[in-house]
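Encoded as structure tokens, the structure appears first; notes follow it.
The values are calculated or read from the model by the stated rules, or taken from the named source; none is laboratory data. Being a predicted model, the structure only gives us computed values, none of them experimental. Cβ placement follows ideal geometry from the backbone for every residue including glycine, while neighbour counts extend to all protein chains displayed. In case anyone asks, the SASA skips ligands and DNA or RNA and just uses the protein heavy atoms, side chains included. Shrake-Rupley method; radii C 1.70, N 1.55, O 1.52, S 1.80 Å.
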Amino acid sequence: MTLVQEVLEWRLFTLSGTPITVGTLLTAVVLIFVSYALSRVAQHVIRRTLESRRVTDRGAIHVAGRLVHYTIMLVGIGVSLDTLGIQLATLFAAGAIFAVGIGFAMQNIAQNFVSGVILLVERSIKPGDVLEVEKMLVQVVQMGIRSTLARTRDDEELIIPNSVLVQSTVKNYTLRDSLYRLRVTVGVVYRSDMELVFETLKTVANRQDWRQQEKEPLVLMTTFGDSSVDFEVSVWVDDPWFARQAISKLHEAIWWGLKEVGVTIAFPQLDVHFDPPVMESVRRLGPPSPVTN
């Protein structure tokens, strides 16, 4: 027996009646590394295959790669544990008993993990999607098994637990298409020519070359306010991520369009009326006396 054989057969400890030797431990470690290498190769093959078939959806390619990775790694870890003499059925039973003790502590982690798997399988949210989460507009950068990385309009990066995306109501502005409707409200004074206002707002909206040309703009008279008659102008854009810039351009165009035709944009006004006895008292007071030094 050579020295290498003696080292490999050197017993370290006994686990579940199975002697664990240096060779057994090395085999288990090698199996895990081989599983990881196979996972990387499989992800590369899947990516190349999908790209060769002209699949341009990066989200679909990412989801397929992650699912293959987790599957291969789970199988590899299972075989490694079996090599060490750990029966998976026994491990699951022990894990169930262990989970009772730490269930509350692990609840959030388990929820996020399961939610991550659901998101990867359903693909209702993909990298690049524009979402409204908890009244914040964000763009998905990367999706993980526990959390999702997103970026705000201020270039702030948010780490969102996957359970938030699964268990709460989330607006996905780019789920089926990227069309987004933006609205601008403007009020004009009551003496304005309302027909002229309608025509001017429609003309201004149609002139915007950045809007989605296949959908016609819509102009509505919405409210008779205290100081103004309010109109709503709505147009469609192709990218909701840049809606703020588009709204600013539409505001500017409406301002100059109404100014060009002589329509006044209203602002809050307050008229104060005095009763006749009060007016008589004010007249009796007369003008204020000049101040002398």
message = Using the basic label-point model (7 angstrom from Cα toward the beta carbon), what is the residue 124 to residue 136 distance in nanometres?
response = 2.1
note = Note, the stretch 255-262: 3J(HN,Hα) by Karplus (6.51, -1.76, 1.60, θ = phi - 60°), whole Hz, Gly/Pro = x, goes 4, 6, x, 5, 5, 5, 9, x
ask   = What residue among 261, 235, 285 has its Cα farthest toward the positive end of the dipole of the stretch 188-293, where the charges are +1 on Lys, Arg and -1 on Asp, Glu, each on the Cβ?
value = 285
ask   = To the nearest 20 debye, what is the magnitude of the charge dipole of the stretch 191-293 about its Cα centre, counting +1 on the Cβ of each Lys and Arg and -1 on the Cβ of each Asp and Glu?
value = 360
inquiry  = I'd like the FRET efficiency for residue 172 and residue 71, computed as 1/(1 + (r/R0)^6) with the beta carbon distance as r and R0 of 35 Å, rounded to 0.05.
reply    = 0.85
For the stretch 111-123, 3J(HN,Hα) per residue [Karplus equation, 6.51 cos²θ - 1.76 cosθ + 1.60, θ = phi - 60°, Hz, x = Gly/Pro] = 4, 5, 5, 4, 4, x, 5, 4, 5, 5, 7, 6, 6
inquiry  = Please list, by residue number, every one of the trypsin sites (Lys or Arg not before Pro) in the stretch 145-238 that is coil in DSSP and has at most 11 other beta-carbon atoms within 10 Å.
reply    = 176, 191
task = May I ask you to evaluate 6.51 cos²θ - 1.76 cosθ + 1.60, the Karplus curve with θ = phi - 60°, for each residue of the stretch 157-174 and list the ³J(HN,Hα) values in order in whole Hz, giving x for glycine and proline?
result = 8, 10, 9, 9, x, 4, 5, 5, 6, 8, 9, 10, 7, 10, 7, 10, 6, 10
request  = For residue 148, list long-range residues whose amide hydrogen, built 1.01 Å from N in the peptide plane, is under 5 Å from its own amide hydrogen.
outcome  = 160, 162
remark   = Listed by chain and number, the lysines with an alpha carbon less than 30 angstrom from that of residue 259, same-chain partners under 8 positions apart left out, are 202, 215, 249
ask   = Non-local amide H neighbours of residue 266 (under 5 Å, H modeled in plane, Pro and chain starts lacking H): which ones?
value = 187, 188, 189
note = Between residue 210 and residue 21, the two model label points (7 Å from Cα along the beta-carbon direction) sit apart by a distance in nm of 7.3
Nearby lysines by direct alpha-carbon distance to residue 171 (threshold 18 angstrom, same-chain neighbours under 8 apart not counted) = 126, 135
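Given the Cα-Cα distance of residue 234 and residue 53 and 0.36 nm per residue of separation, how much length would full extension add, in nm?
Working: separation 181, 0.36 × 181 = 65.16 nm, distance 3.97 nm.
Computed gain between residue 234 and residue 53 is 61.2 nm.
Can you tell me the accessible area per residue over the stretch 181-293, all protein chains present, probe 1.4 angstrom, in square angstrom? Mind dumping the intermediate values first?
On the way: 8070 Å² over 113 residues.
Heavy-atom SASA per residue in the stretch 181-293 reads 71 Å².
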